[in-house]
Amino acid sequence: MYIPRRYEEKDREAINAFVRGNSFGILVTVSDGRPVGTHIPMLLSAEGAYLVGHISRGNDQRHSLVDGAQVLAIFPGPHAYISPRWYSEMNVPTWNYLSVHAYGVIELMEGAALEEALATMVDFYEHSMPRPVSISEIPSKTYQDDLRGIVGFRIRVTEWQAAAKLSQNRDDQSYGRVVSELENSEDAAARAVAEAMRKKRTFGP
């Protein structure tokens, strides 16, 4: 991913938090010379070294998921259009966004390792629900039928690339105006970008 230095995020704790908060990503592999991708949740391990997920056996991408294969996981975050009228001096329009790319190596999972990963994933997404569901509550036949229909994997991450393009190149007046305009937007993603900008720079009230 092309990241100008001013927009590069290097804080691993911040990257880990972003991936956990935006875990529905895109798994990209190469099959017969052609890039293929699937939108799936990929959960970051507790120590931050692995991404864990699974795809359907009915998905042709499974053929490119072999031990040792190089893959790319993309985690898009909030993004918003930035109008030139929001700057203190007229300039070109642009787009603010947050995104993380993770490059790594596939390791297939099955048996107890896969079942443990599935239980961890369900617990992660259920913990904020009013009445959290655990794997043990799912009828055994339903669970086993679905288990046979997936290919589990983990990605040993070898490189992180993280971009936080948040108007860092603008003066405080322009920066504050961009934040204000985004905060007043009806678009939830725009408001999320504004929140990230407030965390990135102190610029006034």
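What follows draws every value from the coordinates through simple rules; no lab data is involved. Since the structure is predicted, the reported quantities are computational estimates derived from the model, not experimental observations. Here Cβ is always computed from backbone atoms with ideal geometry, including for glycine, and neighbour counts include all displayed protein chains.
Which whole DSSP H helices in the chain pass both tests: a Cα extent of 20 Å or more along the axis and a mean Kyte-Doolittle value no lower than -1.0?
Both cut-offs are met by 111-126.
Under a GNM of the chain (C-alpha, springs under 10 Å), which listed residue has the highest mean-square fluctuation: 68, 25, 77?
Sorting by GNM fluctuation, first place goes to 68.
Could you list 191, 170, 131 so that the one with the fewest beta carbons within 10 Å of its beta carbon is first and the one with the most is last?
131, 191, 170
Fewest to most neighbouring Cβ within 10 Å: what's the order for 18, 24, 153?
Ranking 18, 24, 153 by Cβ neighbours within 10 Å, fewest first, gives 24, 18, 153.
Under 8 Å for C-alpha pairs, at least 6 residues apart: give me the relative contact order for region 33-89, rounded to a whole percent. Write down the numbers at each step before the final one.
Values: 21 pairs, mean separation 11.5, N = 57.
Normalised by residue count, the contact order of region 33-89 is 20 percent.
Find the relative contact order for the chain and round it to a whole percent, using C-alpha pairs within less than 8 Å whose residues are 6+ positions apart.
25 percent
Might you report the magnitude of the Cβ-based charge dipole of region 5-169 about its Cα centre, with Lys and Arg at +1 and Asp and Glu at -1, to the nearest 20 debye? All intermediate terms of the calculation are to be shown ahead of the outcome.
Details: 15 positive and 19 negative charges, 109 e Å.
The dipole magnitude comes to about 520 debye.
Where does the longest stretch of the chain lie that holds no GluC sites (Glu not before Pro) found in a DSSP loop with 12 or fewer other Cβ atoms within 10 Å?
111-185
Suppose each label sits 7 Å from its Cα in the direction of the beta carbon; what would the residue 159-residue 88 distance come out to in nanometres?
With each label point 7 Å from Cα toward Cβ, the separation is 3.8 nm.
Can you show me the helix-derived [θ] at 222 nm for the chain, built from DSSP H runs with n ≥ 4 at -39,500 (n - 2.57) apiece and divided by the number of residues, rounded to the nearest 500.
-9000 deg cm²/dmol
For residue 2 and residue 201, compute 0.36 nm times the residue count separating them, minus their Cα-Cα distance, and round to one decimal in nm.
69.4 nm
As I understand it, the dipole of region 5-169 uses +1 on the Cβ of Lys and Arg and -1 on the Cβ of Asp and Glu, about the Cα centre. Which of 121, 80, 63 lies farthest toward its positive end?
With unit charges placed on the Cβ atoms, the residue in question is 80.
Want the number for residue 10 to residue 192: 0.36 nm per residue separation, take away the alpha-carbon distance, what's left?
Extending this stretch completely gives an extra 63.5 nm.
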